[in-house]
């Protein structure tokens, strides 16, 4: 009785949540239920319950395809490369910014390095395309004029160059933005630690290394866990936009494959299975890394 | 810490290396952006032959002339403006309403409902089931689809809830209740006017996201009158020759090389024109974005 009264008293709150709740049920839970098509030969006319169940057939088929290992290799190497090259840079940037004494200089560096974050993926890839355009691009012109290359620059269509372009353009775009969260953590460091260190004759480098870095360690671990959980989650947009027929051998990742086999070739059940396979692995990775971090004495994310 | 205190030799070295490092990063980030700007209004043939490196050469707005005549780009622009306004309004309202309810400890069943919202952050149906659902709802080629999809972000709700919890004391509601104010009235009359800072954060987050988004439009919109700017951009920036045909140049006396140069330099102009709104709000937006990340990092 008391509970019902309390619900009644706050009935307005439920009205406030209702629209978003409808959205979540409609566009998060209904598709979650729709994932059942991964276990059947889904025919849109027959619906989810009318189509024939095939169990794990699509998963087995996917794992035995030649393209399976290519996809895994491309996806894993892209995200591992991004992680190894891209993860430390915002931390270094934040530590460097934190020890800058000139407020003005700090502000300028921040304003400039945050800016690329606001550029859309389409524009970022477009910039790569025009800069590296085979004949007219500025890079091609420069390299030709100093004699490093002869003739058109084939970087955009070179499968070996894809991962470097993907990762380093990502770093270019994201390092400033990525540093904000560490700067926020650094602003919480107790200034008396620095004072005490200075009295003891610690250099600025020692202060950054022995005070700043350890104090942002929890933030680093949390973000590392999140990134590890997303290791097979190479985003669709950028890889898709950077693809061309000549670099597919390294640029096809799981998400672009799901799009092509599902929407362009209408193999709904098969590509739903591929997508599900991907997100289950991501979840398992996230939980494993989280558990590992807790075992190592760090705070997990849950 | 500043003047007056003598710095040790190690610190001088450290500071010098630090400033040099940051200056280098600054250049690396700034140069591509700077180059796009100078290339967009330089003489196309100077850009195409590598003569524009540090300074613009031969002021020339031919590229911009063509851009202003390119109809599909402006259809895309109009659509993106509409989607951005619609998507932002919807997303910000839903986020505020939901986050406020979630910030109230006296809401019965709050834990369960919050759980319902959190689960999809970790498991989701993926592209294909969502596509089939949208198709079943006959929402393909419907502008509402790109406005609605993604309008509820649990991440934004968490940030906003943290804001409400830390800035609006629960006692305020108790006081308003005595004055006969209900939950909804309280939300609109008291909570919203006190939340301008977080509203600005949400508006900026969501508007920039909508402006730059292209995935949903790629999947759910085929009608060329409905496609947003980013899809038009993708067509222009991804292929070399398409642009020429689409711009209907019709300039017979120019030789092929000139045309190709112009087509390239048009791309620089298009990058500028399509990023202009973002560029304009950047100084303002940056502040709010940073604020958003800060609030988010308190309780992520």
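Values in this text are rule-based calculations from the coordinates and carry no lab data. All values derive from a computational prediction rather than experimental measurement. When we count neighbours, we look across all protein chains shown, and the Cβ atoms used for this are built from the backbone with ideal geometry, even at glycine.
Quick notes on this one:
- Summary value for the range A:55-165: 14 percent relative contact order, contacts being C-alpha pairs under 8 angstrom separated by 6+ residues.
- Build a GNM of chain B with springs between Cα atoms under 10 Å apart, and of B:25, B:133, B:172 the one that fluctuates most is B:25.
- Chain A: Cα Rg divided by the 2.2 N^0.38 Å rule of thumb: 1.29
- Rh (Kirkwood; distinct C-alpha pairs) - the range B:1-84, Å: 17.0 Å
- For B:64, A:166, order by how many other beta-carbon atoms lie within 10 Å, fewest first: B:64, A:166
- Packing-based exposure ordering (other Cβ within 10 Å, fewest first) of B:194, B:90, B:66: B:194, B:90, B:66
- Share of alpha-carbon pairs per 5 Å distance bin for the range A:216-264, given as whole %: 5, 19, 20, 18, 11, 10, 9, 5, 2, 0
- Label zone at residue A:108 (point 7 Å along Cα-to-Cβ), backbone N below 20 Å, the range B:22-46: B:22-38
- Summarising the label geometry, the points placed 7 Å from Cα in the beta-carbon direction at residue A:69 and residue A:160 lie 2.1 nm from one another.
- Spin-label proximity, residue B:17 to the range A:65-89 - amide N less than 19 Å from point 7 Å beyond Cα toward beta carbon: A:88-89
- Computed over the range A:233-298, the percent of Cα pairs more than 17 Å apart is 53.
- Convex hull volume per residue in cubic angstrom - Cα atoms of the range B:102-177: 140 Å³
- In terms of surrounding Cβ atoms within a 10 Å radius of their Cβ, B:154, B:27, B:139 rank from fewest to most as B:27, B:139, B:154.
- Cα long-axis angle, helix B:256-298 against chain B (0 to 90 degrees, to the nearest 10): 20 degrees
- P(r), alpha carbons of the range B:109-235 - 10 Å bins starting at zero, rounded %: 10, 29, 30, 20, 9, 1, 0
- Site pair residue A:284 and residue A:215 shows an inter-label distance of 4.1 nm when each label is modelled 7 Å from Cα along Cα→Cβ.
- Mean per-residue shielding of peptide B:115-124 is 5, counting Cβ atoms of other chains within 10 Å of each Cβ.
- For chain A, the mean residue ellipticity at 222 nm estimated from helices alone is -20000 deg cm²/dmol, where every DSSP H run of n ≥ 4 contributes -39500 (n - 2.57) and the total is divided by all residues, rounded to the nearest 500.
- Structure remark: mean-square fluctuation, Gaussian network model of chain A, C-alpha springs under 10 Å; the largest value among A:250, A:111, A:149 belongs to A:149.
- Taking each residue as 0.36 nm, the span from residue B:27 to residue B:81 lengthens on full extension beyond its C-alpha to C-alpha distance by 16.2 nm.
- The Rg/Rh ratio for chain B is 1.08, where Rg is the radius of gyration of the alpha carbons and Rh is the Kirkwood radius.
- With one equal scatterer per alpha carbon and no solvent term, the Debye-computed log10 I(q)/I(0) for the range A:72-181 at 0.10, 0.16, 0.17, 0.23 1/Å reads -0.39, -0.87, -0.94, -1.17.
- Cα convex hull of the protein assembly as shown, projected area averaged across orientations, nm²: 33.9 nm²
- Model label zone, residue A:245; criterion: amide N under 18 Å from point 7 Å along Cα-to-beta-carbon; scope the range A:130-161: A:134, A:154-159
- Take every Cα pair under 8 Å whose residues are at least 6 apart in sequence, average their separation, divide by the length of chain B, and the relative contact order is 32 percent.
- Potential lengthening between residue B:138 and residue B:65 on full extension [0.36 nm per residue; Cα-Cα distance subtracted]: 22.3 nm
- Look at the alpha carbon pairs under 8 Å that are at least 6 residues apart: their mean separation over the length of the range A:1-130 gives a relative contact order of 9 percent.
- Across B:208, B:13, B:108, mean-square fluctuation computed from a Gaussian network of chain B (C-alpha pairs under 10 Å connected) peaks at B:13.
- Kirkwood-based shape ratio for the range A:151-276, expressed as Rg/Rh from alpha carbons: 1.19
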